[in-house]
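The values are calculated or read from the model by the stated rules, or taken from the named source; none is laboratory data. Just so you know, these numbers come straight off a predicted model, no measurement behind them. Virtual Cβ from ideal backbone geometry, glycine too; neighbours counted across all protein chains shown. Ligands, DNA and RNA are excluded from the accessible area calculation, which covers all protein heavy atoms including side chains. Shrake-Rupley method; radii C 1.70, N 1.55, O 1.52, S 1.80 Å.
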Amino acid sequence: MTKIDRNIRILKSIVIIMIVLMLGGQFWYWFAPFSSDFVETSHPIISQYGGLESLDPQQSALGFLITLAPKLALVWAMILLLKLSNALIAGKWFDQDSENHCTQIGRWLIIFVGLTILHRTLLVLLLTMNNPEGEHHFSVSVSTNDLMTLVPALLCLIIGHMVRIARSQRDELNEIV
Amino acid sequence: MPIIVRLDVLLAKRKVKSKDLAAHIGITEANLSLLKSGKVKGVRFATLAAICEYLECQPGDILEYHEDL
């Protein structure tokens with residue numbers, strides 16, 4: 001096993017643990033009876049608007065779905081990363097699948113950023129939906145973390161494009177005898 | 001493609017088998033067949049030199065340019 005294969009296998013293990021923690025954490029935060037402190041730490045917006053206890057069951061269910069959406073996008077990007085890792089371990093560095101996975105990871109990371117920004121807006125709307133008329137809040141916030149996530153997203157798109165060019169050059173070279 | 005590969009004609013003239021030429025220049029018979037039929041995008045100088053050496057000819061004997069093709 002080469003060093004790069006070993007590193008990819010380590011990365012795979014880390015990604016699997018992250019997926020489990022992320023999805024497990026999501027359910028834990030919203031459905032464990034003693035998890036409100038965790039929710040408020042994870043979603044400071046909720047604590048700013050009265051905490052988890054102030055939500056009715058309908059708001060809790062919607063809040064769960066709203067906060068789940070960006071996580072699902074990130075989980076799918078990670079699953080694609082696992083697929084890419086498997087392809088790389090199999091030696092398919094310049095394969096059509098590797099190119100597609102790379103590009104798709106980039107796209108899903110951009111979707112994740114979009115959903116993260118959107119979920120904060122929706123969460124504020126949800127938390128203030130039972131407020132008296134005129135006291136519903138609307139906010140749009142973009143954090144540096146959101147922008148930082150765009151860096152690996154763009155890198156994935158660029159690497160996908162580089163793989164496409166390299167593959168076409170290799171194919172052309174194969175047609176020269 | 002206006003470039004015509006005359007390798008099959010040259011092989012017939014020299015009475016050389018494709019198999020022997022392929023073995024000499026170090027490519028597969030399948031690739032030599034593709035080269036003979038002109039179904040390749042290019043020829044390496046090394047391949048061309050090995051063919052010329054084995055068949056005792058010039059590159060111009062193997063490749064021809066036809067404007068109307």
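Gain in length, A:ASN86 to A:ASN130, computed as 0.36 nm per residue apart minus the alpha-carbon separation, to one decimal in nm?
11.0 nm
Calculated FRET efficiency, A:LEU11 and A:ALA61, Cβ-Cβ r, R0 25 Å, to nearest 0.05?
Rounded to the nearest 0.05, the efficiency is 0.10.
Non-local amide H neighbours of B:LEU63 (under 5 Å, H modeled in plane, Pro and chain starts lacking H): which ones?
Under 5 Å from the amide H of B:LEU63 lie the amide H atoms of B:ARG6, each far enough along the sequence or on another chain.
Which values, in whole Å and largest first, are the semi-axes of the equivalent ellipsoid of the protein assembly as shown obtained as the square root of 5 times each eigenvalue of the Cα gyration tensor?
65, 19, 11
What are the membrane-span-like helices in chain A by this rule: whole DSSP H runs, Cα extent along the axis at least 20 Å, mean Kyte-Doolittle hydropathy at least 0.5?
A:3-31, A:57-89, A:96-127
Given the protein chains as shown and a 1.4 Å probe, how many square angstrom of A:LEU62 are accessible, to the nearest 10?
Accessible area, nearest 10 Å²: 70 Å².
Need one number: the % of Cα-Cα pairs in chain B sitting beyond the 18 Å mark.
Result for the distance tail: 29 percent.
How high is the FRET efficiency between A:PHE27 and A:VAL151 when r is their beta carbon distance and R₀ equals 30 Å, given to the nearest 0.05?
0.50
Can you tell which of A:SER85, A:SER143, A:SER60 shows the greatest fluctuation in a Gaussian network model of chain A with Cα springs below 10 Å?
Between A:SER85, A:SER143, A:SER60, it is A:SER143 that shows the largest mean-square fluctuation.
So, with a 1.4 angstrom probe, what is the percent of accessible area on region B:3-65 that is carbon and sulfur?
53
Quantify how strongly other chains surround peptide B:46-56 by giving the mean number of their Cβ atoms within 10 Å of each of its Cβ atoms.
That average works out to 0.
Could you give the size of the charge dipole of the protein assembly as shown about its Cα centre, using +1 on the Cβ of each K and R and -1 on the Cβ of each D and E, expressed in debye and rounded to the nearest 20?
The dipole magnitude comes to about 1100 debye.
If you take each beta carbon of peptide B:33-43 and count the beta carbons of other chains within 10 angstrom, what is the mean?
Mean shielding by partner chains, rounded to a whole number: 2.
List the residues of region A:146-177 for which accessible area in the full set of protein chains is at least 40 Å² lower than for the chain on its own; 1.4 Å probe, protein heavy atoms only.
Those are A:GLU175, A:ILE176, A:VAL177, which lose 40 Å² or more relative to the chain on its own.
Summarise the accessible area of region A:27-177 (1.4 Å probe, protein heavy atoms) by the percent that is carbon and sulfur.
So the carbon and sulfur contribution to the accessible surface is 66 percent.
Measure nothing but the geometry: give the 0 to 90° angle between the long axis through the Cα atoms of B:45-55 and the longest principal axis through the Cα atoms of chain B, rounded to 10°.
That works out to roughly 60 degrees.
Take A:MET129, A:MET1, A:MET22 and sort them by solvent-accessible surface of the protein heavy atoms, 1.4 Å probe, largest at the top.
The residues order as A:MET1, A:MET129, A:MET22, largest area first.
Could you report the buried accessible area between B and A, both sides summed, computed with a 1.4 Å probe and given in Å² to the nearest 100?
When B and A are taken together, about 700 Å² of accessible area is lost.
Taking R0 as 45 Å, what FRET efficiency do you get between A:HIS161 and B:GLU56 from their Cβ-Cβ distance, rounded to the nearest 0.05?
The pair A:HIS161/B:GLU56 has a calculated efficiency of 0.40.
Can you tell me the accessible area per residue over region B:3-65, all protein chains present, probe 1.4 angstrom, in square angstrom?
With the other protein chains kept in place, region B:3-65 gives 63 Å² per residue.
Quickly work out the B:GLU67-to-A:ASP171 label distance, labels modelled 7 Å from Cα along the C-beta direction, and quote it in nm with one decimal.
3.4
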